[in-house]
Amino acid sequence: MYGLQSETDLSFLLEKELEQIAIGRHQAILRLDGGVEISIESDLEHRLPSGKGMLYSDVAAAASALASLLNSTIKSYSIEPPGNLKMFFSNGDALVIYDSNPSYESYQVRNGEQLIVV
């Protein structure tokens, strides 16, 4: 809905370990160490190191894919227009969070008091 500028500094995500995942009916929350959280209410894609990916429109259906990222750290990220966030994890997998909801928020990234709404 809001987009995310490609120059947005999300370097605070780097080397953060995914410690916990909360799954709700319409939302998944990724809790990383250091008080960083990513709340997802949009489409997301889990990609394996082979490049094979699975697109999810329902965050609850993505629960097992998200669980496979537990204890992994974010090694790098990229922001792709209009606001898709792609994160690469230490286990070789990638997670793409899409800015796919034109009427509502797609995802939020929280770093302590800083909140980025997309």
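Read-outs throughout are calculated quantities, based only on the coordinates presented, and are distinct from any laboratory measurement. Computed from a predicted structure; not experimentally measured. In this analysis, Cβ positions are derived from the backbone assuming ideal geometry, glycine residues included, and neighbour counts consider all displayed protein chains.
Assorted remarks:
- On full extension, the segment bounded by Leu70 and Val117 gains 14.6 nm, given 0.36 nm per residue less the C-alpha separation.
- Distance (nanometres) between label positions extended 7 Å along Cα→Cβ at Asn91 and Ser6: 3.0
- Sorted fewest first by neighbouring Cβ atoms within 10 angstrom, His46, His26 come out as His26, His46.
- Shown for Met87, Met54: other C-beta atoms within 10 Å of each C-beta, ranked fewest to most, produce the order Met54, Met87.
- With the charge dipole of the chain set up from +1 on Lys and Arg Cβ and -1 on Asp and Glu Cβ about the Cα centre, the Cα lying farthest toward the positive end among the listed residues Gly112, Ile21, Leu48 is that of Leu48.
- Estimated from the Cβ-Cβ distance and a Förster radius of 30 angstrom, the FRET efficiency linking Ala60 and Glu80 is about 0.75.
- Adding -39500 (n - 2.57) for every DSSP H run of four residues or longer, then dividing by how many residues the chain holds, sets the calculated 222 nm ellipticity at -1000 deg cm²/dmol.
- Around the Cα centre of the stretch 11-112, unit charges on the Cβ atoms of Lys, Arg, Asp and Glu (plus for the first two, minus for the last two) sum to a dipole of about 160 debye.
- Distance between the stretch 1-27 and the stretch 86-111 - C-alpha centres, whole angstrom: 6
- The Rg/Rh ratio of the chain, with both radii computed over alpha carbons and Rh defined as the Kirkwood radius, is 0.91.
- Candidate lysines - alpha carbon under 16 Å from Lys52, same-chain residues fewer than 8 apart omitted: Lys86
- Here the residues Val117, Val96, Val109, ranked from fewest to most Cβ neighbours within 10 Å of their Cβ, fall in the order Val117, Val96, Val109.
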